[in-house]
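These notes concern the structure reproduced below.
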Amino acid sequence: MKNHEIKYWLNQAAEHSAPDVLDSILSRCEEEKGWNTSMSENAFQPKPAPRKKNFRRTALALAACLLLAVGIGGAFGYQNYFAVDSVVAFDVNPSIELKVNRQEKVISAEALNSDASKILFGMELKGTDLNVAVNAIVGSMLTNGYLDDIANSILISVENGDAARAEELQRQLVQEINGILGSSNVDASIMSQTLSVSEENEQLAQQYGISTGKVALIQEILAQNSEYTFDTLAPLSIRELNIIAQAREITGVDSSGAVSTKGYISESEAQEAALADAGVDAASVTVQKLVLDWDDGRVVYDVEFYDSQKTYEYEVDATSGQIVKKETEASPLLSSGDLIGLDAARSAAVSDAGVSSPTILKETLDRDDGRNIYEIEFISNNVRYEYDIDASTGAVLTKKSWDVFAPASGSSGGTSAGASGTAVTGDQAKQTALSDAGLSSGEVTFGKVELDWDDGRQKYEIEFYSSTGKYEYDIDASTGAILSKESESFGQPSGGASNGSGTTGGTASAVTEQQAKNTALTDAGVSASSATFLKTKLEYDDGRQKYDLEFVSGNTKYEYDIDASTGAILSKSSEGYATVGGVTGPSSVTSSPAASSSQPSAGQTTGGNSNGAAITEEQARSLAQAKAPNATIVKFEYDWDDGIPTYEGEMREGRLEYEFEIDARNGNFLKWESEYDD
């Protein structure tokens, strides 16, 4: 603000805050200037005039002080209202900067580029509440097509000298914008950060006509990826920078939601293009990377896979599907070595970080650049650590660390999760899940143990496998309570998939699991002793809790959905099985809503040899294991698919998941798929 403006407002404050008595006082002084007093016997007595003069001087001084005090008070009020407390920037391609005071009133709104001028055209945001301004800006971006289900990325940057205040405002804005875009059916991908702006970043922002927030994001990318330059990244939209940040796992910026892939070819199409060019089929390779990226001025898919001889690295144009780059090298399967084990890898990472008693977020075995690695993630004293440990030597390959904060209740909070307030350890959460499942640690293989945020609270997401089933648990990280659980049996389970009454989101269902089972069995006319439950899952569907049940009895498979509040049957279906050539498969399918009482036939048996399928279970397992020697079979079952008897299963190798189907008649693979689990 210019000096003459400050003087004007100070004068206005003074004039309207105190009466102008100075002229009145001075005029009275002039009137008494020639006052004559008659002589009397008391002529030589001291006169009261000096006292009146002193009184007038005192009054004048008091008036002047009052005027000064009120003027200063008005100045302070003015400064408080117009003092900048926070600077908030919104970047999509339009870049807009708001300056707000302590009361979150907008002091100024500035368009930093021509696109932003279109967004702010006709708006008078000065003096409005920040949330009103945010709604107006985001609404204008939606109306003008800068934000939609394709361009769904936005960057929020907050600058404030008080770090806690900046983080609180950051969370508040993320939550606000998520709600606005969600109501417009846009699945937002929001990047957010707090800033301590440097002089260098301010100069770069002015030079390139972008916000200091976008400058900070670009600097974060450049710090981890030397192949880029500032000149190449500055013109990119936030969607393109978001693609780079997610592909490169940039950690200095909080992120929630996935960048939209609409307008690009699908991941499967990119993979098929790379496989076709390499002259290999999906069944013969292991895909270890498939991610959207940006390179040489275009959006591409990075596709990496290997077979027994080679490792292939491809870049596929995400718009046209054309091959942009390709490289090959020797396959990691040509070399072998003993693994140090998960405990040793964890110890190596924790020791290198120099911390004690960390909260473990993630521990997985993976492959990267032709070698086996352990990925270890943990939090200690509000610092998050990520390590890649060589699985053969225990050497630290890469490491990252950054400060994190816990999101406020009700906010998504991005990808970072704070460990503060976590009363339950990962080991305790694992034990709670095992106890509920009636299993011991020696009977299971853990696939995932991760600490995460959901609906404003921390929880552990736990996944493990036994010889007969797969189990998934959400455990409250503060209380140790089971928030939700799911189990699925495979092979020939001995009974129900889980026990006790389930809970989801901390709300207990009125109907227990056993009551739901009894309802389904009674409706199907099947006794408990003759039924084998394959799946028991308590879940939410269309706003209500229900039990998803699957069980077999004789030659019939049944599926039921039971309302968890009332016990009513929401839907049901059944599938009859027949034996053809010694192989059991479905003969008929019937389905009915809850109101129907029709029952399927039990199927029929038409001959076949007593040994069953031509390929045994052991042979099928060996065939699958040969395709992924380092993977563990976590699900295996016998089924019937499109008239063909099959063995179906799932395997895990670190963060790689495989699904397969094998023809039980001849051992041919009908399906082999792999997916990189993020």
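The values are calculated or read from the model by the stated rules, or taken from the named source; none is laboratory data. This one's a predicted model, so the numbers in the text were calculated from it and none came from an experiment. Neighbour counts are summed over all protein chains in view; Cβ atoms, including those assigned to glycine, are modelled from backbone coordinates with ideal geometry. Heavy atoms of the whole protein, side chains included, go into the accessibility calculation; ligands, DNA and RNA do not. Shrake-Rupley method; radii C 1.70, N 1.55, O 1.52, S 1.80 Å.
Condition first: open to solvent by 50 Å² or more (accessible area, probe 1.4 Å) and either more than 26 Å from the chain's Cα centre (by Cα) or free of Cβ contacts under 8 Å to residues at least 12 places away in the same chain (or both). Can you find one or more residues in region 239-248 that meet it? No, region 239-248 contains no residue that is open to solvent by 50 Å² or more (accessible area, probe 1.4 Å) and either more than 26 Å from the chain's Cα centre (by Cα) or free of Cβ contacts under 8 Å to residues at least 12 places away in the same chain (or both). Taken over region 117-147, the residue count meeting the criterion of being more than 26 Å from the chain's Cα centre (by Cα) and open to solvent by less than 40 Å² (accessible area, probe 1.4 Å) is 5. Can we say Leu204 is in a helix (DSSP H, G or I), under 30 Å from Lys289 (Cβ atoms) and either in contact with a helix residue (DSSP H, G or I) (Cβ under 7 Å, 6 or more places away or on another chain) or not aliphatic (A, V, I, L, M) (or both)? The answer is no for Leu204.
Scanning region 260-271 for residues that are surrounded by 17 or more Cβ atoms within 10 Å (Cβ to Cβ) and at pLDDT 85 or above yields Tyr264, Ile265, Glu267, Ala270, Gln271.
Checked against (1) buried (at least 21 other Cβ atoms within 10 Å of the Cβ); (2) in contact (Cβ under 8 Å) with a residue 60 or more places away in the chain; (3) polar (S, T, N, Q), Thr311 passes all but a single condition, namely (2). The residue list Ile154, Ile150 contains one member that is β-branched (Val, Ile, Thr), under 26 Å from the mean Cα position of the chain (by Cα) and either at pLDDT below 90 or surrounded by fewer than 22 Cβ atoms within 10 Å (Cβ to Cβ) (or both), which is Ile150. Of all residues in region 460-470, exactly one satisfies the criterion of being modelled with pLDDT of 85 or more and open to solvent by 20 Å² or more (accessible area, probe 1.4 Å), namely Glu461. Tell me which residues, restricted to region 385-411, are within 19 Å of Trp453 (Cβ to Cβ) and at pLDDT 85 or above. Passing the criteria: Tyr385, Glu386. Does region 227-238 contain any residue that is of a type in the set (Asp, Glu), open to solvent by 10 Å² or more (accessible area, probe 1.4 Å) and in contact with a helix residue (DSSP H, G or I) (Cβ under 8 Å, 6 or more places away or on another chain)? No: zero hits.
Every condition in (1) within 26 Å of Gly161 (Cβ to Cβ); (2) in a loop (DSSP other than H, G, I, E, B) is met by Met191 except one, and the failing one is (2).
Just checking, does region 412-422 include any residue being at pLDDT 75 or above, touching a Lys or Arg at 6+ places or on another chain (Cβ under 7 Å), within 27 Å of Arg165 (Cβ to Cβ) and open to solvent by less than 50 Å² (accessible area, probe 1.4 Å)?
Within region 412-422, none of the residues are at pLDDT 75 or above, touching a Lys or Arg at 6+ places or on another chain (Cβ under 7 Å), within 27 Å of Arg165 (Cβ to Cβ) and open to solvent by less than 50 Å² (accessible area, probe 1.4 Å).
Would you confirm whether any residue within region 551-573 is open to solvent by 40 Å² or more (accessible area, probe 1.4 Å), at pLDDT below 70 and touching a Ser or Thr at 6+ places or on another chain (Cβ under 7 Å)? Checking region 551-573: not a single residue is open to solvent by 40 Å² or more (accessible area, probe 1.4 Å), at pLDDT below 70 and touching a Ser or Thr at 6+ places or on another chain (Cβ under 7 Å). Applying a threshold of 8 Å to beta carbon distances and a minimum spacing of six or more residues, or different chains, the list of pairs starting in region 427-446 at a residue that is closer than 11 Å to Glu463 by Cα and ending at one that is of a type outside the set (A, V, I, L, M, F, W, C) and assigned to a helix (DSSP H, G or I) reads Lys430/Ser441; Leu434/Ser441; Phe446/Lys430. Restricting region 272-291 to residues that are crowded, with 21+ Cβ neighbours inside 10 Å and either among the polar types (S, T, N, Q) or not in a loop (DSSP other than H, G, I, E, B) (or both) leaves a set whose member that is nearest to the chain's Cα centre (by Cα) is Gln288.
Evaluation of Asn611 against the conditions (1) at pLDDT 70 or above; (2) touching a Gly at 6+ places or on another chain (Cβ under 7 Å) shows that the sole unmet condition is (1).
Yes/no matrix, rows are residues, columns are (1) touching a Gly at 6+ places or on another chain (Cβ under 8 Å); (2) at negative phi:
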residue: Asp343; (1), (2): no, yes
residue: Arg346; (1), (2): no, yes
residue: Gly354; (1), (2): no, no
residue: Pro358; (1), (2): no, yes
residue: Asp366; (1), (2): yes, yes
residue: Asn372; (1), (2): yes, yes
residue: Phe378; (1), (2): no, yes
residue: Tyr387; (1), (2): no, yes
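Just one of the listed residues (Glu167, Glu176) is open to solvent by 30 Å² or more (accessible area, probe 1.4 Å), in contact with a helix residue (DSSP H, G or I) (Cβ under 9 Å, 6 or more places away or on another chain) and outside any strand (DSSP E or B), namely Glu176.
Looking only at region 192-208, count every residue that is closer than 22 Å to Thr232 by Cα and open to solvent by 100 Å² or more (accessible area, probe 1.4 Å) and tell me the total. Total meeting the criteria: 5.
Scanning region 111-132 for residues that are outside any loop (DSSP other than H, G, I, E, B), touching a helix residue (DSSP H, G or I) at 6+ places or on another chain (Cβ under 8 Å) and free of Cβ contacts under 8 Å to residues at least 24 places away in the same chain turns up just one, Ala111. Mind listing just one residue for me: the one in region 182-191 that is in contact (Cβ under 8 Å) with a residue 60 or more places away in the chain and open to solvent by less than 40 Å² (accessible area, probe 1.4 Å) and, of those, nearest to Trp402 (Cα to Cα)? Ranking the qualifying residues of region 182-191, first place goes to Met191.
Residue check: is Val291 out of contact with any Leu (no Cβ under 6 Å at 6 or more places or on another chain), closer than 30 Å to Phe660 by Cα and β-branched (Val, Ile, Thr)? It is true that Val291 is out of contact with any Leu (no Cβ under 6 Å at 6 or more places or on another chain), closer than 30 Å to Phe660 by Cα and β-branched (Val, Ile, Thr). In the set (1) within 30 Å of Thr319 (Cβ to Cβ); (2) of a type in the set (Phe, Trp, Tyr); (3) open to solvent by 10 Å² or more (accessible area, probe 1.4 Å), Phe90 fails one condition alone, (3).
Among the residues of region 295-308, just one is in a loop (DSSP other than H, G, I, E, B) and either under 15 Å from Ala273 (Cα atoms) or touching a Leu at 6+ places or on another chain (Cβ under 7 Å) (or both), namely Ser308. When the residues of region 616-640 are filtered to those that are touching a Ser or Thr at 6+ places or on another chain (Cβ under 7 Å) and either part of a loop (DSSP other than H, G, I, E, B) or among the acidic types (Asp, Glu) (or both), the one that is surrounded by the most Cβ atoms within 10 Å (Cβ to Cβ) is Ala628.
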